[in-house]
Structures are given as structure tokens and as C-alpha cells.
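One structure is given below, encoded as C-alpha cells.
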Amino acid sequence: MAKYRKKPVVIEAVQWTGDNLRDIIDFTGLHESAKKWTWEEYEKVVALQGLKIFTLEGPLNASPGDYIIKGVQGEFYPCKPDIFEATYDRV
């Protein structure tokens with residue numbers, strides 16, 4: 001079996017605290033599906049249903065503490081804090 005090493009890539013990420021929705025949206029942009037609401041309505045939806053990150057594979061829920069990562073192709077996805085900390089160093 002062949003072995004592979006992950007290429008060193010610098011990524012951008014923001015940690016979702018549950019209270020920094022504006023920071024997350026500034027980072028990811030507002031998904032088309034959320035543009036039907038006012039900001040206040042959107043905050044209520046996120047408070048009730050959780051934060052959804054729209055990935056290349058479809059929507060995924062992000063829990064407080066998860067990091068939202070911008071991938072090498074400009075895509076976004078959530079990452080659990082323990083995986084993030086094992087995989088990435090701050091630069």
C-alpha cells in the first residue's frame with residue numbers, strides 16, 4: 001500500500017462560537033437560501049436550527065467550537081476542533 005503526505009497548504013478559518021454569526025457570514029458570504037430573510041430573522045433561524053455550511057457535498061451543520069475552513073478551491077466546510085488542532089498550526 002502506498003503512503004501519502006498532505007501537502008503544506010495555508011488555509012483561512014474562523015471558529016464558530018455560537019455568537020459570531022456576522023463574522024462567519026463576512027467570511028463565507030450569505031448563502032442564496034438565506035437571502036429571503038432579514039438579518040434578525042436569519043439570526044433566529046440559526047439560533048433554532050443551527051448554523052448550516054453549504055459544502056461541495058451539500059449542507060452540513062456546524063456546532064459551536066467548530067472551525068469553518070475555506071478550502072483550496074474557495075469552498076467552505078466545518079471541522080471539529082480536535083481534528084483542526086491536530087491538522088493545522090497557526091501561521
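The values are calculated or read from the model by the stated rules, or taken from the named source; none is laboratory data. Everything numeric in this text was worked out from a predicted model, so none of it was measured. Backbone-built Cβ (ideal geometry, glycine too); neighbour counts: all protein chains shown. Accessible surface is based on the protein model in full, side chains and every heavy atom, while ligands, DNA and RNA are left aside. Shrake-Rupley method; radii C 1.70, N 1.55, O 1.52, S 1.80 Å.
So here's what we get for this one:
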{"quantity": "Some residue of segment 1-16 being among the polar types (S, T, N, Q), under 11 Å from the mean Cα position of the chain (by Cα) and open to solvent by 50 Å² or more (accessible area, probe 1.4 Å)", "calculated": "yes"}
{"quantity": "Hits in segment 34-58 - residues which are surrounded by 16 or more Cβ atoms within 10 Å (Cβ to Cβ) and under 13 Å from the mean Cα position of the chain (by Cα)", "calculated": "Leu51, Lys52, Ile53, Phe54"}
{"quantity": "Helices (runs of 4 or more DSSP H) wholly inside the chain containing at least 2 residues that are small (Gly, Ala, Ser) and modelled with pLDDT under 95", "calculated": "none"}
{"quantity": "Meets criteria (under 11 Å from the mean Cα position of the chain (by Cα) and at negative phi) for Ile68", "calculated": "yes"}
{"quantity": "Every pair of residues 6+ apart whose Cβ atoms lie under 9 Å, when the first sits in segment 53-70 and is among the acidic types (Asp, Glu) while the second is open to solvent by 10 Å² or more (accessible area, probe 1.4 Å) and in a strand (DSSP E or B)", "calculated": "Glu57/Tyr77; Asp66/Gln15; Asp66/Pro78; Asp66/Cys79"}
{"quantity": "Where a residue in segment 71-91 is more than 16 Å from Lys7 (Cα to Cα) and touching a residue at least 12 places away in the same chain (Cβ under 8 Å) and its partner, wherever it lies, is surrounded by 12 or more Cβ atoms within 10 Å (Cβ to Cβ) and charged (D, E, K, R), with Cβ under 8 Å and at least six apart", "calculated": "Phe76/Lys70; Pro78/Asp66; Cys79/Asp66; Lys80/Asp66; Pro81/Asp66"}
